[in-house]
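Asker: Mind looking over this structure? Questions follow.
The values are calculated or read from the model by the stated rules, or taken from the named source; none is laboratory data. From a predicted model like this one, the values you see are computed outputs, not experimental measurements. All Cβ positions, glycine included, derive from the backbone under ideal geometry; neighbour counts span all protein chains shown. These area figures cover heavy atoms from the full protein model, side chains too; ligands, DNA and RNA do not enter into them. Shrake-Rupley method; radii C 1.70, N 1.55, O 1.52, S 1.80 Å.
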Amino acid sequence: MSQGNPLSTPAPDWHARAANLACDGRMLIDGKRLEAADGDTFRCESPIDARLLCLAARGRKADIDSAVRSGRVAFEQGRWSRKPPAVRKKILQRWSELILAHKEELALLETLDMGKPIRESLSVDVPSAARCIQWFAEAADKQYGEIAPTGPQALALITAEPVGVVGAIVPWNYPLIMAAWKLGPALALGNSVVLKPSEKSPLTALRLAELAVQAGLPEGVLNVVPGYGQEAGEALAMHPDVDVLAFTGSTRVGKQMLIYAGQSNLKRVYNELGGKSAFMIFPEVGDLGRAARTVAGSIFYNQGESCNAPSRVLVHESLAEELVQRVVREAARYSPGDPLAPDTSMGAMVDAAQTQTVLNYIASGLQEGARCLHGGRQVRIETGGFFIEPTVFDGVTPLMRIAREEIFGPVLSILTFSSEQEAIAIANDSPYGLQASVWSDNINQAHRVAQALKVGTVHVNQYDEDDITVPFGGTKQSGNGRDKSLHALSKYTNLKTTWVRIDSA
Ligand code: NAD
């Protein structure tokens with residue numbers, strides 16, 4: 001915004017808006033906002049300053065049963081599943097436009113509920129969610145079936161049919177985006193969805209669903225039930241009438257999803273789970289300064305609460321000293337501040353429990369002999385919110401907990417290696433396989449290492465590229481599903497073959 005221009009719009013006063021914001025934590029079932037069947041609620045508090053945002057409906061089995069029944073009825077009646085794809089496309093496009101029209105409201109809600117800086121909610125979370133819905137809307141009427149090459153005596157038609165009712169369970173770190181990654185493809189193909197957002201940040205998913213109804217999504221096609229994992233989440237995952245479970249969250253709970261499926265109806269499970277991504281810097285790195293900026297920007301973004309955060313740097317020993325100095329300088333640019341201030345680069349951790357988890361990891365790093373070169377403390381305690389400094393450890397060895405376990409906070413571990421083989425061995429010695437980054441201007445080395453890494457995505461000489469056209473997901477205990485791109489569509493369809501006999505004349 002140009003300074004002093006009388007025609008320019010003044011920046012919103014986010015504090016004033018936050019004070020006047022009415023939050024609605026009721027469920028959305030059959031197009032209506034409802035209390036839980038037993039009237040129970042849970043406190044939805046902002047991690048920024050512990051203010052009470054609202055009492056959200058505490059969904060349990062009875063509520064999940066109603067939501068799944070509503071989704072099933074909508075599906076079988078064909079309210080959405082049998083609409084022409086071009087009609088579904090139009091409605092989803094309208095929904096995407098409505099999301100953008102409510103950008104400031106949604107961004108504020110996201111920041112208050114989850115703690116991330118308002119500038120990121122505004123510039124990343126809301127537009128990415130809208131773009132995802134719009135992109136899958138476009139795909140709705142561009143899916144073709146196949147005819148198998150069986151010969152002239154018969155016709156074998158292969159069609160991809162919507163599965164029916166999808167159960168989607170998502171985490172708290174990108175509430176809008178994670179919901180959109182499930183809803184876009186599942187709804188574009190005609191499914192009904194029951195969405196269970198995290199109890200730590202349920203508000204934007206509810207508002208998103210309300211906007212879908214406003215855009216013309218028929219009642220019952222999208223139902224949202226807030227609640228706890230072991231109550232609403234387990235009831236949804238165990239439900240005998242849910243056909244596919246699309247889960248994003250921790251590896252621990254992802255394993256539980258497979259058990260639930262086995263104990264109920266063998267629903268298909270797609271897991272998108274945790275990570276411990278390696279950022280590998282080789283002697284032929286072209287620009288060490290950019291590498292340092294990129295690693296800091298990626299690990300401290302979203303307070304380190306990103307599944308794909310590059311939480312382990314593996315640097316060749318010849319570059320270690322210089323890299324460490326540069327990363328520490330970069331870390332200083334990310335001090336936690338007021339998430340509602342437009343220039344804040346790091347916001348609040350999602351809650352007290354996650355803050356304690358991260359502090360425990362910092363303590364374990366110190367106990368195991370790593371050196372904390374920057375940060376390491378909880379700050380802004382006087383605000384009532386939960387803030388942790390960007391934290392950099394060096395002297396980390398591969399067996400330390402901070403080198404092996406997902407911390408899910410702004411904590412970077414720097415390890416060294418002496419050969420390409422050793423770097424690959426350390427990177428792959430992890431239960432996780434989500435992402436990795438290779439920094440080398442030696443094209444043979446970059447490709448060699450990329451091929452050897454057991455992960456879903458390898459970045460070469462960057463970490464920030466991201467596009468809805470590209471699949472996102474991992475290998476090993478980072479999961480099996482792929483969100484985004486046309487590959488995501490296959491999760492929400494069943495392949496059907498129809499044989500048609502052709503008699504000779
Ligand atoms: P979590 O596993 O604790 O919870 C995720 C969701 O599952 C929440 O909605 C929660 O209520 C629900 N849940 C918890 N226990 C349950 C149970 N027993 N039965 C059914 N549902 C249950 O994860 P989180 O703390 O919300 O999110 C952080 C994790 O998510 C990190 O591990 C992160 O790496 C991962 N994540 C992965 C991706 C990806 O695309 N791979 C993206 C974002 C986050």
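Asker: Give me the percent of DSSP beta bridges within the chain that run antiparallel, rounded to the nearest 5.
Answerer: Working: 29 of 67 bridges.
Among the beta bridges of the chain, antiparallel pairing accounts for roughly 45 percent.
Asker: Going by Cβ distance under 4.7 Å, what cysteines of the chain have no possible disulfide partner?
Answerer: Cys44, Cys132, Cys307, Cys372
Asker: Report the calculated FRET efficiency for Ala19 and Arg293 (r = Cβ-Cβ distance, R0 = 41 Å), to the nearest 0.05. Write down the numbers at each step before the final one.
Answerer: On the way: r = 36 Å, r/R0 = 0.89.
Efficiency computed from Cβ-Cβ geometry: 0.65.
Asker: OK, next. With +1 on each Lys and Arg Cβ and -1 on each Asp and Glu Cβ, and nothing else charged, work out how big the dipole of the chain is about its Cα centre, in Debye to the nearest 20. Kindly include the intermediate steps, with their values, before the conclusion.
Answerer: Numbers: 51 positive and 56 negative charges, 239 e Å.
Computed charge dipole of the chain: roughly 1140 debye.
Asker: While we're on this one: Can you tell me the relative contact order of segment 419-505? Whole percent, Cα pairs under 8 Å, sequence separation 6 or more. Don't jump to the answer; show the numbers that get you there.
Answerer: Working: 106 pairs, mean separation 21.8, N = 87.
Computed value for segment 419-505: 25 percent relative contact order.
Asker: Shifting gears a bit: Can you list residues from other chains, or at least 5 along the same chain, whose modelled amide H is less than 5 Å from the amide H of Gly164?
Answerer: Ser192
Asker: Can you list residues whose amide H is under 5 Å from Leu155's amide H, if they're 5+ apart or on another chain and H is modeled 1.01 Å from N?
Answerer: Here Val500, Arg501, Ile502 satisfy the definition.
Asker: Helix 320-331 against the longest principal axis of the chain: what's the angle in degrees, Cα atoms only, rounded to the nearest 10?
Answerer: Around 70 degrees separate the two axes.
Asker: Dipole magnitude of segment 268-387 about its Cα centre, charges +1 at Lys/Arg Cβ and -1 at Asp/Glu Cβ only, in debye to the nearest 20?
Answerer: 80 debye
Asker: Compute the long axis of helix 175-188 from its Cα atoms, compare it with the longest principal axis of the Cα atoms of the chain, and write down the angle in degrees, 0 to 90, nearest 10.
Answerer: Compared with the principal axis, the helix lies near 30 degrees.
Asker: With contacts defined as alpha carbon pairs under 8 Å and 6 or more residues apart, what's the relative contact order of segment 6-112 in percent?
Answerer: Working: 77 pairs, mean separation 24.1, N = 107.
Reported relative contact order: 22 percent.
Asker: Which distance in Å, rounded to a whole number, links the C-alpha centroids of segment 448-505 and segment 72-118?
Answerer: So the two Cα centres are separated by 24 Å.
Asker: Roughly how many whole Å is it from the C-alpha centroid of segment 409-442 to that of segment 329-351?
Answerer: Cα centroid of segment 409-442 versus Cα centroid of segment 329-351: 26 Å apart.
Asker: Ok, one more. Counting each DSSP H run of 4 or more residues in the chain as -39500 (n - 2.57), what helix-only mean residue ellipticity at 222 nm follows after dividing by all residues, to the nearest 500 deg cm²/dmol?
Answerer: Numbers: 15 runs with 176 residues, N = 505.
Result for the chain: -11000 deg cm²/dmol, rounded to the nearest 500.
Asker: Using each residue's phi in segment 197-207, evaluate 6.51 cos²θ - 1.76 cosθ + 1.60 at θ = phi - 60° and report the 3J(HN,Hα) Karplus result to the nearest Hz, with x for Gly and Pro.
Answerer: So the Karplus estimates, Gly and Pro as x, are x, 5, 5, 7, 7, x, 6, 6, 5, 5, 5 Hz.
Asker: From a point 7 Å beyond the Cα of Gln367 in the direction of its Cβ, which residues of segment 331-352 have a backbone N at a distance under 14 Å?
Answerer: Answer for this model: none.
Asker: What does the charge dipole of segment 1-155 about its Cα centre add up to, to the nearest 20 debye, if the Cβ of each Lys and Arg holds +1 and the Cβ of each Asp and Glu holds -1?
Answerer: Values: 23 positive and 21 negative charges, 112 e Å.
Approximately 540 debye in magnitude.
Asker: Loop only by DSSP, 16 or fewer other Cβ within 10 Å of the Cβ. Give me the trypsin sites (Lys or Arg not before Pro) in segment 72-156 that pass, ordered by residue number.
Answerer: Values: sites: Arg72, Arg79, Arg82, Arg88, Lys89, Lys90, Arg94, Lys103, Arg119, Arg131, Lys142; in loops: Arg79, Arg82, Lys142.
Taking segment 72-156 and a limit of 16 other Cβ atoms within 10 Å, the loop trypsin sites (Lys or Arg not before Pro) found are Arg82, Lys142.
Asker: Distance from the Cα centre of segment 378-403 to that of segment 4-58, in angstrom?
Answerer: Segment 378-403 and segment 4-58 have Cα centres spaced 29 Å from each other.
Asker: Measure off, as a whole percent, the carbon and sulfur share of the 1.4 Å-probe accessible area of segment 348-505, all protein chains present.
Answerer: Working: 3820 of 7410 Å².
On segment 348-505, the fraction of accessible area on carbon and sulfur atoms equals 52 percent.
Asker: Whole-Hz ³J(HN,Hα) for each residue in segment 417-429, computed from phi via Karplus 6.51 cos²θ - 1.76 cosθ + 1.60 with θ = phi - 60°, x for glycine and proline: what do you get?
Answerer: Once θ is set to phi - 60°, the couplings for segment 417-429 become 9, 10, 8, 4, 4, 5, 4, 5, 5, 5, 4, 7, 7 Hz.
Asker: Mind listing the phi-derived Karplus ³J(HN,Hα) values for segment 120-128, rounded to whole Hz, using 6.51, -1.76 and 1.60 with θ = phi - 60°, and x for any glycine or proline?
Answerer: 6, 4, 6, 8, 10, 5, 5, x, 5
Asker: For Lys491, which lysines qualify as cross-link partners when the Cα separation must be under 26 Å and same-chain residues fewer than eight apart are set aside?
Answerer: Excluding near neighbours in sequence, the set is Lys61, Lys83, Lys89, Lys90, Lys142, Lys182, Lys196, Lys255, Lys267, Lys276, Lys454, Lys476.
Asker: Rolling a 1.4 Å sphere over the protein heavy atoms, what is the accessible area per residue of the chain, to the nearest Å²? Mind showing how you got there, number by number?
Answerer: Numbers: 20690 Å² over 505 residues.
Heavy-atom SASA per residue in the chain reads 41 Å².
Asker: Looking at segment 122-227 only, what percent of DSSP beta bridges run antiparallel? Nearest 5 please.
Answerer: On the way: 2 of 10 bridges.
The antiparallel proportion sits near 20 percent.
Asker: Could I ask something else about it? Which residue, chosen from Gly233, Ser306, Ser413, occupies the Cα position most advanced towards the positive end of the dipole of the chain, where the dipole is computed from +1 (Lys, Arg) and -1 (Asp, Glu) charges on Cβ about the Cα centre?
Answerer: Towards the positive end, the residue furthest out is Gly233.
Asker: Hey, got a sec? Which chymotrypsin sites (Phe, Trp or Tyr not before Pro) in segment 121-163 land in a DSSP loop and have at most 15 other Cβ atoms within 10 Å? Show your work: numbers first, answer last.
Answerer: Values: sites: Trp135, Phe136, Tyr144; in loops: Tyr144.
Here the sparse-neighbourhood loop sites are Tyr144.
Asker: Taking the chain as the reference, fit the longest principal axis to its C-alpha atoms, fit the long axis of helix 103-114 to the helix C-alpha atoms, and give the angle between the two in degrees, 0 to 90, nearest 10.
Answerer: 60 degrees
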